[in-house]
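S.K.: One structure follows; several queries about it will come next.
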Amino acid sequence: MRIHDIRRILGSYQAITEASLNIIGKSLRHKSQTATQIYARLTNDPVRETMETATNKMLEYRNKENE
């Protein structure tokens, strides 16, 4: 694992946790917004959102059955 890999992982997790691209760029010390745009695809992921919603509903249902 290289330093660059760790930086990519950090930027990815920042995007997943909904940090703004401006904040991600500053924390990774990007000189241009273009370099930070790679993380934009990780922010508003509708597939992830629907899977999380479905999983939460499944867990709610299971918890109600176990009460």
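The values are calculated or read from the model by the stated rules, or taken from the named source; none is laboratory data. Bear in mind the structure is a predicted one, so any value in this text is a computation, not a measurement. Backbone-built Cβ (ideal geometry, glycine too); neighbour counts: all protein chains shown. What goes into the accessible areas is simple: the full protein's heavy atoms, side chains included, and nothing from ligands, DNA or RNA. Shrake-Rupley method; radii C 1.70, N 1.55, O 1.52, S 1.80 Å.
S.K.: Going through the stretch 41-67 one residue at a time, which ones are of a type in the set (A, V, I, L, M, F, W, C) and open to solvent by 80 Å² or more (accessible area, probe 1.4 Å)?
M.R.: Val47, Met51, Met58
S.K.: Let me ask something else about it. Residues to consider are Arg41, Arg62; find the one that is under 17 Å from the mean Cα position of the chain (by Cα) and of a type outside the set (Ser, Thr, Tyr).
M.R.: So the residue among Arg41, Arg62 that is under 17 Å from the mean Cα position of the chain (by Cα) and of a type outside the set (Ser, Thr, Tyr) is Arg41.
S.K.: Among the residues of the stretch 1-40, how many are open to solvent by 90 Å² or more (accessible area, probe 1.4 Å) and touching a residue at least 24 places away in the same chain (Cβ under 8 Å)?
M.R.: Selection size over the stretch 1-40: 1.
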